[in-house]
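A.B. asks: Can you read through this structure? Questions will come right after.
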Amino acid sequence: MAPKPQKIQKLQHDGKRNAERLLQKAAEGQAEFVCTELQTAIVFCDVALSAENPERRARNIENALKGYQTALHFSQALEDLKKDRGFQAKLAYLKDLLRELGCDVQ
């Protein structure tokens, strides 16, 4: 016995809602990841700024730059995040720290 058209439509509608919900959760997870990367890069900058050992300083600058580049890469697909003032402030602060450490960031 074939399923009734109403049942098929309900299943399709439920499937679409589930897919939309999953996409939203994925975007939220990606935004959280980007913000965590920014915060981690800021910590690396702080450590580099206070480091007296040149190797430790260089290593932390390198890690901060990786975090900065990763955050930029993954934020490209998140239009809402790029418009967020908190994100922009954190990104600007990280750029200032990187410049203070002698990095050329845009």
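Since every read-out is calculated from the coordinates, none of them should be taken as a lab result. Everything numeric in this text was worked out from a predicted model, so none of it was measured. For neighbour counting, all protein chains shown are included, and Cβ atoms are generated from backbone atoms with ideal geometry for every residue, glycine included.
A.B. asks: Just to be sure I understand: if I project the alpha-carbon convex hull of segment 1-77 onto a plane and average over all orientations, what area do I get in nm²?
C.D. replies: Convex hull of Cα atoms, orientation-averaged projection: 6.9 nm².
A.B. asks: Also, I was wondering about something else. Assuming R0 = 25 Å, what is the FRET efficiency of residue 70 and residue 16, from their Cβ-Cβ distance, to the nearest 0.05?
C.D. replies: Plugging the Cβ-Cβ distance into 1/(1 + (r/R0)^6) gives 0.20.
A.B. asks: Then there's this: How much net charge surrounds residue 66 when only other residues with a Cβ under 14 Å from its Cβ are counted (Lys, Arg +1; Asp, Glu -1)?
C.D. replies: -1
A.B. asks: Tell me, how many Å apart are the Cα centres for segment 42-84 and for segment 88-106?
C.D. replies: Using only Cα atoms to place each centre, the spacing works out to 8 Å.
A.B. asks: For a quick protection proxy, order the peptides 20-32, 90-102, 73-85 by their average other-Cβ count within 10 Å, most packed first.
C.D. replies: 90-102, 73-85, 20-32
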